[in-house]
1. For segment 46-169, count all C-alpha to C-alpha pairs, find those more than 24 Å apart, and express that count as a whole percent of the total.
2. What Kirkwood hydrodynamic radius do you get for the chain when you take the inverse of the mean 1/r over all pairs of distinct Cα atoms, in Å?
3. With a 1.4 Å probe and all protein chains left in place, how much accessible area per residue does the chain have, in Å²?
4. Using a Förster distance of 25 Å, how high is the FRET efficiency between Trp59 and Asn168, based on the Cβ-Cβ distance and rounded to 0.05?
5. What FRET efficiency, computed as 1/(1 + (r/R0)^6) with R0 = 22 Å and r the Cβ-Cβ distance, is obtained for Val179 and Leu17, rounded to the nearest 0.05?
6. Calculated from DSSP H runs of 4 or more alone, at -39500 (n - 2.57) each and per residue, what is the 222 nm mean residue ellipticity of the chain, nearest 500?
7. How much net charge surrounds Phe83 when only other residues with a Cβ under 12 Å from its Cβ are counted (Lys, Arg +1; Asp, Glu -1)?
8. Please report the carbon-and-sulfur percent of the accessible area for the chain; probe 1.4 Å, protein heavy atoms only, DNA, RNA and ligands left out.
Amino acid sequence: YLITFYWIWYGCLFLGLPVLMGNTDDFNCPSKHGLPFICDEVQACKKFEPDQLISTKPWTIAGTFKLFCTRRNWIPRLNSGMFGALVFSGFFYPTLANKYGRRPIILIATFVSSISLFMAGFTVSFSSLSVLMIFASIGFSGLETVGRTWISEISGVNFKVNSMAIINMVWAFSQIFLVFLEKFIDWRSLFKIFFGFLFLLGFGIGYIFID
């Protein structure tokens with residue numbers, strides 16, 4: 001049961017990425033009189049550079065790094081990079097797990113994801129954030145491939161199906177949970193506290209209790 005809870009962070013990151021990005025179509029555009037005015041994206045992008053605009057959602061990733069207008073395509077590139085890392089790193093984990101064992105690979109993968117997401121909360125550029133999120137994806141690939149296999153292997157006959165159902169329920173719950181959590185704290189706090197500290201705490205508990 002303990003390993004299945006790691007899917008909370010996994011699901012929150014991948015399913016909740018649009019929520020964390022928080023892109024918007026409305027901006028605070030600069031004016032000649034010094035007071036900003038609300039403008040839509042078409043109007044904003046015609047007259048101003050991204051660095052001149054202020055998002056109406058400054059607490060999101062898109063608002064912090066001004067991912068609009070000519071930079072809007074940076075978001076799908078990050079999505080592609082994360083899922084690409086998830087896919088291609090997944091080919092190596094079965095071999096590593098067979099050689100070194102399921103438990104150490106799952107714990108190493110979990111540590112890589114948690115420390116990467118914790119560090120992401122301190123980034124000052126979107127490029128460094130992207131690199132750390134791709135590293136986190138590589139770690140989550142190990143959880144996905146080796147974790148599911150190990151849970152199935154160590155589960156009793158009657159629990160095999162239930163274990164996969166629990167993982168899917170935790171995965172779905174994480175999306176609901178993140179939507180509520182995002183209403184109260186900004187993305188940096190989410191990465192430092194929820195994705196970082198609490199995930200590292202989960203890693204420590206797993207290190208002690210996962211046999």
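The values are calculated or read from the model by the stated rules, or taken from the named source; none is laboratory data. Predicted model, so just to flag it, every value in this text is computed and none were measured. With ideal geometry, Cβ positions are generated from the backbone for all residues, glycine too; neighbour counts draw on all protein chains shown. SASA here: full protein model, heavy atoms, side chains in, ligands and nucleic acids out. Shrake-Rupley method; radii C 1.70, N 1.55, O 1.52, S 1.80 Å.
1. 43
2. By the Kirkwood definition, the hydrodynamic radius is 18.4 Å.
3. Accessible area per residue, the chain: 52 Å².
4. That pair, Trp59 with Asn168, gives E of 0.25.
5. For R0 = 22 Å, the calculated efficiency reads 0.95.
6. -18500 deg cm²/dmol
7. 0
8. Carbon and sulfur: 70 percent of the exposed surface of the chain.
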